[in-house]
Amino acid sequence: MQVGVKVPNVVFKTRVRDEAVGGPNPFRWQDVTSDDYFKGKRVILFSLPGAFTPTCSTYQLPGFEDNFAKFQELGIEDIYCMSVNDSFVMNKWAEAQGIKNVKVIPDGSGEFTRKVGMLVRKDNLGFGLRSWRYAAIINDGKVEAWFEEPGLEDNHGADPYGESSPENLLKYLEAANVETAA
């Protein structure tokens, strides 16, 4: 993705809690579009290879969650975590991680991930098609800043992490605020 480019508009198949459904699993399907997530606000989107995986669960998702207030102070309204996983998996992962602020986006078919050029094969790990690790600051549906891990390729032998870390995005936003204030 290039800075200034509008993110692709796709429909995400999500499961949302709805007490009107009743029973032990009160969730219903709801279609949510890219515009619903990104239009008219400044947000962070970060994507990772899979829910419940080590780097994603130990560092990336908790790091964005723990720094949510700092990101808000720097002008970010929402933080979204996307993975090529279905809504059931993403919701259970968020629950298992105790996530209260970061919102998860299921890209179950990988359509959004493919359209931004980040869909890779991870057959070497038994994953199939997944997202390469990246993060973006999206302002009113357009990419303001892009942070992509090095080495984008199918079946990469490593899982690079650093460019898309919450710490790196905080540095970018803090520097951007200093420039704006000057």
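Per the 1.4 Å probe, what fraction of the accessible area of the stretch 5-181, in percent, lies on carbon and sulfur atoms?
Using a 1.4 Å probe with all protein chains present, the stretch 5-181 comes out at 50 percent carbon and sulfur.
Test of understanding: in a Gaussian network model of the chain with alpha carbons linked when under 10 Å, which of Arg121, Arg42, Arg133 would top the mean-square fluctuation ranking?
Arg121
Shape of the stretch 116-180 from its Cα gyration tensor (a ≥ b ≥ c, root eigenvalues): rounded if a/c is under 1.5, otherwise prolate when a/b > b/c, or oblate?
Working: a/c = 3.84, a/b = 2.11, b/c = 1.82.
Cα axes put the stretch 116-180 in the prolate bin.
Using +1 on the beta carbon of Lys and Arg, -1 on that of Asp and Glu, and nothing else charged, what's the dipole of the stretch 75-157 about the Cα centre, debye to 20?
180
Suppose the chain between Lys70 and Ala158 were pulled fully straight at 0.36 nm per residue; how much longer would it get relative to their current alpha carbon spacing?
My answer for the length gained is 28.7 nm.
So what's the net charge close to Glu148: Lys and Arg +1, Asp and Glu -1, counting the other residues with Cβ under 14 Å from its Cβ? Mind showing how you got there, number by number?
Numbers: positive: Arg133; negative: Glu149, Glu153, Asp159, Glu163.
With Lys, Arg at +1 and Asp, Glu at -1, the net is -3.
Can you tell me which of 155-168, 97-110 comes out highest on packing, and rank the rest after it, using the mean Cβ neighbours within 10 Å?
Per-residue mean Cβ counts within 10 Å order the peptides as 97-110, 155-168.
Rounding to the nearest 20 debye, state how big the charge dipole of the chain is about its Cα centre with +1 on each Lys and Arg Cβ and -1 on each Asp and Glu Cβ. Mind dumping the intermediate values first?
Working: 20 positive and 26 negative charges, 80 e Å.
In debye, rounded to 20, the chain gives about 380.
Mind jotting down the distance between the C-alpha centroids of the stretch 90-107 and the stretch 15-75, whole Å?
The stretch 15-75 and the stretch 90-107 have Cα centres separated by 5 Å.
Can you order the peptides 9-17, 57-65 by their average number of other Cβ atoms within 10 Å per residue, highest first?
Ranking the peptides 9-17, 57-65 by packing returns 57-65, 9-17.
If you take Cα Rg over 2.2 N^0.38 Å from the coordinates, which of [x] 0.96; [y] 1.01; [z] 1.39 do you get?
It is the one labelled [y].
With the other protein chains left in place, how much accessible area per residue, in square angstrom, belongs to the chain at a 1.4 angstrom probe?
That works out to 49 Å² for each residue.
Check the straight Cα-Cα distances from Lys122 and name the lysines below 25 Å, setting aside those fewer than 8 residues away within the same chain.
Within reach: Lys13, Lys92, Lys103.
Between Trp29 and Lys13, with labels modelled 7 Å along Cα→Cβ, what's the label distance in nm to one decimal, could you check?
0.6
The values are calculated or read from the model by the stated rules, or taken from the named source; none is laboratory data. For clarity, every value in this text was computed on a predicted model and none was experimentally measured. Cβ atoms come from the backbone with ideal geometry, glycine included; neighbour counts cover every protein chain shown. The protein model used for the area step is the full one, side chains on, heavy atoms only, and it has no ligands, DNA or RNA in it. Shrake-Rupley method; radii C 1.70, N 1.55, O 1.52, S 1.80 Å.
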